[in-house]
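Novice: Sharing a structure with you now.
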Amino acid sequence: MKQRSFIAVDIPLEVGKRLATLAAGMRCSAAKPVRHDQMHITLLFLGDLDKSLIEGVSEAISRIDTRQFNVVINGIGVLGARGPGVVYARVIGGVSELSRVSAALKESISELGIKTEGRSFLPHVTIARVRNPSMEDAAYINGFAASHSEDSLGEFVCSEIKLEGSSLGSNGPSYSGIYVKRLAPI
């Protein structure tokens with residue numbers, strides 16, 4: 001049996017609500033805002049993980065040696081090779097810590113024989129997903145992102161790293177916590 005999984009840092013509700021309010025301000029039917037309670041920074045996407053590997057992944061997370069650190073979110077941007085696919089909030093503080101944790105996890109996870117994504121790690125928070133945008137939609141979304149590219153969007157202390165399960169449904173994904181690694185205080 002398999003479980004769609006990823007390792008992430010959750011966004012506190014007050015920051016998530018601020019990001020969700022910003023995303024809801026997009027007047028574009030092609031952009032679907034992410035619910036505030038589902039916002040996170042993905043450290044490593046694992047895909048459909050065989051449930052027999054969950055314990056090994058949890059153990060790899062438990063060995064992460066880092067203390068709590070500050071995360072700062074500032075401005076939004078757009079990702080997508082053929083036009084906007086994701087509207088995201090930029091992480092500008094805590095980048096080195098998040099990158100180091102992501103790299104350590106990727107190494108530990110690969111030792112378990114799990115293949116991970118080959119793309120470079122970009123710490124961000126997805127605030128909206130874009131589906132089938134028209135040229136006008138794409139122009140609007142890019143303009144919206146440009147007009148909010150310097151917004152101060154929140155700051156928080158990263159105090160834990162989570163292994164999450166994800167189930168896709170008609171109303172989007174739902175997440176379930178599998179394992180939590182609490183980080184030592186600053």
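Novice: Label the range 136-181 by shape, choosing from rounded, prolate and oblate, from the square roots a ≥ b ≥ c of the eigenvalues of the Cα gyration tensor; if a/c is under 1.5 it is rounded, and otherwise prolate applies when a/b is larger than b/c, oblate when it is not.
Specialist: Taking the square roots of the gyration eigenvalues as a ≥ b ≥ c, the range 136-181 is oblate.
Novice: What do you get for the angle between helix 135-147 and the principal long axis of the chain? Use alpha-carbon atoms, 0 to 90 degrees, nearest ten.
Specialist: 70 degrees
Novice: Could you let me know the centre-to-centre spacing of the range 44-82 and the range 120-186, using Cα atoms, in angstrom?
Specialist: Each part's Cα centre sits 12 Å from the other's.
Novice: Considering only 34, 70, 99, whose Cα is most displaced toward the positive end of the charge dipole of the chain, charges sitting on Cβ of Lys, Arg (+1) and Asp, Glu (-1)?
Specialist: Of 34, 70, 99, it is 34.
Novice: Please tell me the relative contact order of the range 2-182 in percent, rounded to the nearest whole number, where contacts are Cα pairs under 8 Å and at least six residues apart.
Specialist: Answer for the range 2-182 is 33 percent.
Novice: Pairs 106/181; 51/162; 51/106; 32/181: which exceed 20 Å Cα-Cα?
Specialist: 32/181
Novice: What's the angle, to the nearest 10 degrees (0 to 90), between helix 13-24's Cα axis and the longest principal axis of the chain?
Specialist: Value to nearest ten degrees: 30.
Novice: Quickly estimate the mean residue ellipticity at 222 nm for the chain, helices only: each DSSP H run with n ≥ 4 gives -39500 (n - 2.57), and the total goes over all residues, rounded to 500. All intermediate terms of the calculation are to be shown ahead of the outcome.
Specialist: Values: 4 runs with 51 residues, N = 186.
Theoretical 222 nm ellipticity from helices: -8500 deg cm²/dmol.
Novice: Here is a further query. Rg and Dmax of the range 2-182, Cα atoms, in Å?
Specialist: Cα-based Rg and Dmax for the range 2-182 come out at 16.4, 48 Å.
Novice: Evaluated at 20 °C with a viscosity of 1.002 mPa s, what Stokes-Einstein diffusion coefficient in µm²/s does the range 81-138 have when Rh comes from the Kirkwood expression over alpha-carbon pairs?
Specialist: On the way: Rh = 13.7 Å.
Stokes-Einstein gives a translational diffusion coefficient of 156 µm²/s.
Novice: Grab the other residues whose beta carbon is less than 15 angstrom from that of residue 90, score K and R as +1, D and E as -1, and report the net.
Specialist: Charge balance in the 15 Å sphere: -2.
Novice: So, one more: Looking at the square roots a ≥ b ≥ c of the eigenvalues of the Cα gyration tensor of the range 1-74, which shape do they give, rounded for a/c under 1.5, prolate if a/b is larger than b/c, or oblate?
Specialist: oblate
Novice: Here is a further query. Quick check: net charge around residue 6, other residues with Cβ under 12 Å of its Cβ, Lys/Arg +1 and Asp/Glu -1?
Specialist: Net charge around residue 6: -2.
Novice: What does the charge count near residue 160 come to, summing +1 for each Lys or Arg and -1 for each Asp or Glu among other residues with Cβ under 9 Å from its Cβ?
Specialist: Taking every other residue near residue 160 into account, the sum is +2.
Coordinate-derived values only; no laboratory data. Since the model is a prediction, treat every value here as computed from it, not as a measurement. Heads up, the Cβs are rebuilt from the backbone with ideal geometry, glycines too, and the neighbour counts pull from every protein chain shown.
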